[in-house]
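The structure appears right after this line, and notes come after that.
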Amino acid sequence: MEGFMYPNEVELQWSVLIVLYPFLTGLVAGAFILASLERIFRVEEVKPTYRLALLTALAFLIVAPMPLQLHLGHPERSLEMYLTPHRSSAMAMFGFVYLWYLMAVLLMEIWLDYRKDIVVFSQTTTGLKRFFYRVLTLGSNNISAGSLHVDDRVGWVITLIGIPSAFMLHGYVGFIFGSVKANPWWSTPLMPVVFLFSAMVSGIALVMLVYMVTCALRKVAIDMRCLDTIAKYLFYTFVIDFTLEMLDLIHRIYEADESFRSLDFMVHTRLFVSQIVLQILLGTATPLVLLAATQLVRLSVAVRKRLYAIAGFSTLIGILAMRWNVVIGGQLFSKSFLGYTTYKMGFVTREGLGPAILLTLLPFVILYILIKLFPPWYEELPSPTSGD
Amino acid sequence: MIPLKDISHLLRMAVVFLLGLALFLLLRSSFIPKSFGRYGHFRGDALGEITARPIAYAGHQTCEGCHPEEADTKSKGVHAHVNCEACHGPLAKHAEDPASITPQLPDVAQLCVRCHSENIAKPQGFPQVNAKEHSGGQLCDTCHQPHSPGLSQGARK
Amino acid sequence: MTPITRRQVLLLLPAAAAAWEFVLAGTPETAPTYNSADHWWGMLLDITKCIGCGNCVRACAKENDVPDGYFRTWVERYHVSDFHIESPLVDSPDGGKEGFPPSAFTDGKNFFVPKFCNHCVDSPCTQVCPVGATFHTADGVVLVDQNYCVGCRYCIQACPYGCRYFHPTKHVADKCTLCYHRIVKGLTTACCENCPTGARQLADLKNPNDPIHAFLKTHSVQVLKPHLATGAKNFYNGLDGSVR
C-alpha cells in the first residue's frame, strides 16, 4: 500500500473473475449484433457467419455466469437473486435480463433457424444423438415450406427484439459500474455506452477470428466478401468506441475534479502496462491503423487476411485490458484520493488466474461441441428425407 | 390463414415456456423465507438474530450498582466520565455472575500511556506527557490513583 | 421487608436506565420494551475531543468479534500543513487499534478523526444489494443479514466511506451495526461506552430530550462527503476541510 487508504480498502473485492465476466458477456452481445446485421439489416455479405455468430454467442453465454458463481461468498444462495430480487439493484435485474436473453432470444433464435436441420438429424442419426434431436423437435416433424416460413418470420421478430436485449445484456454491466457514485473511476453516464460499443468491437473481432480459424481447420476457402464486410463493420464500430473513450478521457482531463490527480497518477503508475501499452497502443491504436489501412489502400487477399488476424487478436487483448482497467483500476486507488494499493492475484486459488484462464478456454470447447451438434456451414446443409 | 399444423411447434414451445414459468413460481413459494418482506425488502427474522447477540460490555450503570464506592470516588475526579470498562475491559459476564469471573486488573504499563502519551494530534488542553521524562520509568499508579488521578484532589498514594 | 440483594439491584438498574426511553409496545424480534418507530439513531463525533486512544476500535472488536485486520470503526490521524488542505497527510496504523505512535510532525495542524458506518438515510449500499441482505430498520440503522448475504460485495464497492468489509471466514459483507443488539436494550454502543473523552456520543434524533439537539444548534457540524447526498447521520463537530 502507498499513501493512505481507508483500512478496509486495502484488499480488493472484485477479482480477475469480475474482469472476465464483462469480457464474456461483451463477446456475446457483439457476436449477436454481427448476426443481426444479416438478419435485420440485410447485410447479406456476412451470411456465411450468421449461424457461427449465434453459436459463438451461446457458447460464451453459457460460461458467463460461471466466474460470478466462483466469486460469490455464498454461491449456494445465488438463487435468492431470482427469488427476492431487489428492484433498485442493477445486479438483481441482471438475473432476469440474462434469463430473458438466453431463453427468449438466443435459444429461440437458434432453435428456429436450425429447426429443419434438427428434424432431419432426428431421423438420420442414431443412439443418444437421435434422442437428443428428437427432444429438441418437441415432437413436431413439420418442416413444410409453410412452417419454415413461419419460423423465418418469428425468428426475424426475435432478432429484432434481440438487438435491444443484447444492448441491455451488456449495457447493464456498464451501468453496474457507471452508477456507483462512490467511485469516480466508474461513475459516468458514458459507462454503459462505452461498455456496449467495446463489446460490439470485441464480439465482431471474435467471430471474425473464429470464422478465419474454422475455415483454415476445415481447409475451406474464406469468403473474402464476407470477411471484408465484417472487417469494415469492425472498423466503423471501433471508430465510435474510440471516440467515446476519448471523450471520457478528454472530459476528465479538462474538468480535473477532486479525483483527477489521484486517478492520473494511478494510470501512469499502477495501470501503465494494462492501460497505456495494452489497451491504448496495442489494443486500440494498432487495430485502428491496420483496419484503416485495409479500408483506404488496395491490398492483396493474403495481406488483408494477415492484417485482419492481427487486428482481431490485438482488439481482443485491448478490450480485455479495458475491462481490467475498469474493474481492477477502480479498486487500486483510495476513495480518500490519498493512496493506492496493489492487486495480489493468485493462480491456483478460487478467484485466481488459473480459473480465469480455464473459464476463457471453456467457451471454445463448448463452441466445438455446438458446431458438431449444429453445423453452421451453409455449404453442407443436410437434405431433408421427409416432408411434413 | 396459417394452418394450425404449421405453428404447432411454436405452441409446443409456448407450453415449455409456461412450464418453466410454473416451475419458477413453485420455487418462489417454496424457497422464499417466510419472514421476508414483513418489515421491508429483507428477512424479518434477521432483526431477532442480530439483537440476540450476547453483550460483552455491561455498561457503567451496571458496574456502579455493585461498586458504589469506586463509582463515588470516580465521580469526584477528572476521570468522572471515563467509564469503568474503558480501563477494565468487557465485564458483562462478570456482572451476570460475579463469583464466576474475577476480572484481571488492567496492565498499568500499557493502559495509561495509550491515552496520556503526548502526541501532537491530541487536543491541546488534554493532559499528555512524555512517560519517560514524566516519571523516569515508574508506573503511573505509583503516584496517581486511577479512579481519581488528579494529584491536587488529595488522591496521591 | 427482605433487603434487596445485589443481584436484584443488578437486574433492576439497566432496566431502569432503559425504561424511561421506551414505550411499552414492542416488535417481537427485539427487546420486548423497544419500539423502533420511536427512535432515529445517529451519532455525534467531536473532533475537538478525540485523543486517538483507540479504545473505540478495541471495544468494538471485542463486542462484535471483528476479525483482525478488518474494521467496523477506525481512527485516522491528519496532518495539515498550513493552507494545503487539499493534500493532508493521513495515517491509521492498524486502524488506530493500539493508539498511535508519536507523530513525525512538530508543526502544522494535527487531529484525529474516528470513522465508521454513517447509517445513511439514502444509503447507496442498500440501494445496490441484489437480494435484500442489507437493509434499513425503522429506527434508522443499516444492518446486514448474515444468513442471507450472497457475498457479491457490491455494497462494499458502493459505500463511499470504506466502512464495509468482506468477512474472511463467514464470507459475507459486514460492518458497524451501531451495536443494534445493545441499543434496543437501552445500552449505548460499545464504542461510546468506552470513549474516555466523550468524543463519541450516540444520539437518538427522535428523542426531544437528547442533548444532540442543543448541540447542533450551537455548533458547526458537518457530515463526510456531503456532495454525495447519502443522508449520513454521523455529525462531526470541528471537522476540518481537509478530511477525506
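The values are calculated or read from the model by the stated rules, or taken from the named source; none is laboratory data. It should be emphasised that the depicted structure is a prediction, and the values quoted were computed from it without experimental measurement. Cβ atoms come from the backbone with ideal geometry, glycine included; neighbour counts cover every protein chain shown.
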- Task: Kindly check whether there is at least one residue in region A:324-335 that is without any contact (Cβ under 8 Å) to a residue 40 or more places away in the chain and among the charged types (D, E, K, R).
- Result: no
- Item | Qualifying residue in region A:267-279 (condition: within 23 Å of A:I204 (Cα to Cα), in contact (Cβ under 8 Å) with a residue 40 or more places away in the chain and in contact with an Asp or Glu (Cβ under 7 Å, 6 or more places away or on another chain)) | no
- Task: Could you pull out the residue among A:S165, A:S147 that is of a type in the set (G, A, S) and either within 25 Å of A:V119 (Cβ to Cβ) or surrounded by fewer than 16 Cβ atoms within 10 Å (Cβ to Cβ) (or both)?
- Result: A:S147
- Message: Please list, ordered by residue number, the strands (runs of 3 or more DSSP E) wholly in region C:42-139 having 1 or more residues that are hydrophobic (A, V, I, L, M, F, W, C) and within 9 Å of chain B (Cβ to nearest Cβ).
- Response: C:109-116, C:134-136
- Item | Pair list, Cβ < 9 Å and 6+ apart or interchain, from region A:77-88 residues that are at the interface with another protein chain (Cβ under 7 Å from one of its Cβ atoms) to residues that are acidic (D, E) | none
- Scanning region C:140-174 for residues that are part of a loop (DSSP other than H, G, I, E, B) and closer than 15 Å to B:L47 by Cα, which turns out nearest to the other protein chains (Cβ to nearest Cβ)? C:D145
- Message: Which residue is farthest from the chain's Cα centre (by Cα), if the candidates are limited to region B:121-138 and must be at pLDDT 90 or above and loosely packed, with under 14 Cβ neighbours inside 10 Å?
- Response: B:E133
- Item | Near pairs, Cβ below 6 angstrom, 6+ apart or cross-chain, from region C:145-165 (over 21 Å from C:V75 (Cα atoms)) to any residue that is of a type in the set (S, T, N, Q) and surrounded by fewer than 24 Cβ atoms within 10 Å (Cβ to Cβ) | C:V150/A:S78; C:R153/A:Q13
- Note on the structure: Counting only helices (runs of 4 or more DSSP H) wholly inside region A:291-388, the ones holding at least 3 residues that are within 14 Å of another protein chain (Cβ to nearest Cβ) are A:329-332
- Please work out which one of (1) within 30 Å of A:P85 (Cβ to Cβ); (2) part of a helix (DSSP H, G or I); (3) more than 22 Å from the chain's Cα centre (by Cα) is the condition B:G40 fails and give its number. (2)
- Residue check, B:E118 against (1) more than 10 Å from chain C (Cβ to nearest Cβ); (2) farther than 24 Å from C:C60 by Cβ; (3) surrounded by 15 or more Cβ atoms within 10 Å (Cβ to Cβ), all met but one. Which one? (1)
- Out of B:T102, B:T62, which single residue is polar (S, T, N, Q) and in contact with a helix residue (DSSP H, G or I) (Cβ under 7 Å, 6 or more places away or on another chain)? B:T62
- Which of the residues that make up region C:175-200 are within 7 Å of chain B (Cβ to nearest Cβ) and at positive phi? C:G198
- Task: Would you be able to say whether some residue in region B:88-110 is touching a Cys at 6+ places or on another chain (Cβ under 6 Å), touching a residue at least 12 places away in the same chain (Cβ under 8 Å), outside any loop (DSSP other than H, G, I, E, B) and surrounded by fewer than 18 Cβ atoms within 10 Å (Cβ to Cβ)?
- Result: yes
- Message: Out of everything in region B:13-37 that is among the β-branched types (V, I, T) and facing chain A (nearest Cβ under 8 Å), what residue ends up being farthest from A:N142 (Cα to Cα)?
- Response: B:I32
- Message: Exactly one condition in (1) exposed (fewer than 15 other Cβ atoms within 10 Å of the Cβ); (2) farther than 22 Å from C:A199 by Cβ; (3) within 11 Å of chain C (Cβ to nearest Cβ) is false for B:D72; which is it?
- Response: (3)
- Message: Residues to consider are B:H81, B:H144; find the one that is surrounded by 19 or more Cβ atoms within 10 Å (Cβ to Cβ), part of a loop (DSSP other than H, G, I, E, B) and in the same structural domain as B:A71 (by TED's automatic domain parsing).
- Response: B:H144
